[in-house]
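A quick write-up on the structure given underneath.
The values are calculated or read from the model by the stated rules, or taken from the named source; none is laboratory data. In this text, all values refer to a predicted model and were calculated from it rather than measured experimentally. For neighbour counting, all protein chains shown are included, and Cβ atoms are generated from backbone atoms with ideal geometry for every residue, glycine included. SASA here: full protein model, heavy atoms, side chains in, ligands and nucleic acids out. Shrake-Rupley method; radii C 1.70, N 1.55, O 1.52, S 1.80 Å.
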Amino acid sequence: MREQYLAPNETMQIHELLNLKTICMTTSKMMEGVVFDQDLKALLEKDVQQSIKSIENLQRLLNKAPKLR
Amino acid sequence: MINDYLEIRNAEGMPKLVDGTMSLGFLLNAKSGVRNCAIALTEATTPEVRKVLQKELYDAFYIHEEIYKLMVRKRWFHPIDLDKQFQIDMEASKTAVQIASMDLFPGDTSRIGTFATPEK
Amino acid sequence: MNTLIENITGLKKLNDQVIATDFLIAAKSVVINYSIAITEAYNPEVRLVLKNQLKDVIATHEVISDYMIKKGYYHAYDLKEQYKVDMKVTETTLKLAEKVM
């Protein structure tokens, strides 16, 4: 039973983190079009790529969310 | 009060200011990522969740480190020279307030009509 | 703990639980504070030291929370069971406060 579903509290934390990551990724991508410095742009893109992986991981975890009311 | 933002005189030093502001926003985002990740990690009980979040936390540290190193290298951020940092902060905030006071998006900004959004 | 209080309140059984809970809360705030400190540290050496220590703190947090689950003090997966445990603890605490006064 313990392996099948996540605990309710950690599920909510993952949900919060997923939302934060999504917003941060979107902001970073938008900033890429605004900045002048190409090094900064490269770093923003690196963050976007890293965020995509993070979001995939968090989505995978959230699939195991318990059935709450 | 500056009204004409297309005036070349007013665009002086803008690239540096824009990059500085954007990198600061980026840094703050990274910081809040670290904080939220740490809090989530302390609530984790499932081993898999713990593993994922711990990796996320260390990735977040890494990207935060990259950002502030870049900011120091490009002289947008002066963690040692506080006088210089405060001076930059004052200038940046003054300019930001000036820009924010302008009517940048006059008129109706609803451009729903230009979007292909079929009625449901 | 004072034997007299133990006898009056029956707190002896709860003693380990209270200590473990306190430990868990401490470990939590240590993890969060270390993470915040790392984002505020400029010196690379400081960051490295803090990061290494944070690993130990996270491991400690894992051990203590696993211990609490094993002992049945902490039911992360069962809210009803956790509610029962919490009610028992608060009841004992209230009783203790009454007896002392």
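May I ask you to say which residue of A:Leu40, A:Leu58 is open to solvent by less than 40 Å² (accessible area, probe 1.4 Å) and under 18 Å from B:Thr46 (Cα atoms)? On inspection, the qualifying residue turns out to be A:Leu58. Somewhere in region A:35-43, is a residue among the small types (Gly, Ala, Ser) and under 15 Å from B:Glu56 (Cβ atoms)? No - not one qualifying residue is present in region A:35-43.
A Cβ distance below 9 Å, combined with a sequence gap of six or more or placement on separate chains, defines the contacts here; from region C:29-44, residues that are within 8 Å of another protein chain (Cβ to nearest Cβ) reach residues that are not in a helix (DSSP H, G or I) in the pairs C:Tyr42/B:Pro79; C:Tyr42/B:Ile80. Considering region B:1-20 alone, what residues qualify as being out of contact with any Phe, Trp or Tyr (no Cβ under 9 Å at 6 or more places or on another chain) and part of a helix (DSSP H, G or I)? Within region B:1-20, B:Ile8, B:Arg9, B:Asn10, B:Leu17 meet the criteria. Residues that are within 11 Å of chain C (Cβ to nearest Cβ) and either within 21 Å of the chain's Cα centre (by Cα) or part of a helix (DSSP H, G or I) (or both) do not occur anywhere in region B:88-104.
Considering region A:41-50, the residues that are in contact with an Asp or Glu (Cβ under 7 Å, 6 or more places away or on another chain) and touching a residue at least 12 places away in the same chain (Cβ under 8 Å) include one that is nearest to the other protein chains (Cβ to nearest Cβ), namely A:Leu44. Considering only residues in region C:68-80 that are within 12 Å of another protein chain (Cβ to nearest Cβ) and part of a helix (DSSP H, G or I), the one that is nearest to the chain's Cα centre (by Cα) turns out to be C:Met68. Would you confirm whether any residue within region B:63-78 is more than 24 Å from the chain's Cα centre (by Cα), free of Cβ contacts under 8 Å to residues at least 40 places away in the same chain, open to solvent by 10 Å² or more (accessible area, probe 1.4 Å) and more than 7 Å from chain A (Cβ to nearest Cβ)? The answer is no, given that none of the residues of region B:63-78 is more than 24 Å from the chain's Cα centre (by Cα), free of Cβ contacts under 8 Å to residues at least 40 places away in the same chain, open to solvent by 10 Å² or more (accessible area, probe 1.4 Å) and more than 7 Å from chain A (Cβ to nearest Cβ). For region B:45-61, the set of residues classified as more than 10 Å from chain C (Cβ to nearest Cβ) and either open to solvent by 10 Å² or more (accessible area, probe 1.4 Å) or in a loop (DSSP other than H, G, I, E, B) (or both) consists of B:Glu48, B:Lys51, B:Val52, B:Lys55, B:Asp59, listed by residue number.
Can you name the condition, by its number, that C:Val30 falls short on among (1) under 24 Å from A:Pro8 (Cα atoms); (2) at pLDDT below 95? Result: C:Val30 passes all but (2).
Just one of the numbered conditions (1) buried (at least 18 other Cβ atoms within 10 Å of the Cβ); (2) within 9 Å of chain B (Cβ to nearest Cβ) is not true of A:Lys53: (1). Of all residues in region A:1-30, those satisfying the criterion of being polar (S, T, N, Q), farther than 16 Å from C:His75 by Cα and facing another protein chain (nearest Cβ under 7 Å) are A:Gln13, A:Thr27, A:Ser28.
So, in region C:32-84, of the ones that are of a type in the set (D, E, K, R) and within 26 Å of B:Phe61 (Cβ to Cβ), which residue ends up least open to solvent (accessible area, probe 1.4 Å)? Within region C:32-84, the match that is least open to solvent (accessible area, probe 1.4 Å) is C:Arg47. None of C:Val89, C:Val63, C:Val49 is touching a residue at least 24 places away in the same chain (Cβ under 8 Å) and hydrophobic (A, V, I, L, M, F, W, C) except C:Val89. Taken as a whole, region B:6-17 holds no residue that is within 9 Å of chain C (Cβ to nearest Cβ) and of a type outside the set (Lys, Arg). For region B:28-44, a residue qualifies if it is more than 9 Å from chain C (Cβ to nearest Cβ) and open to solvent by less than 30 Å² (accessible area, probe 1.4 Å), and the qualifying residues are B:Gly33, B:Ala40.
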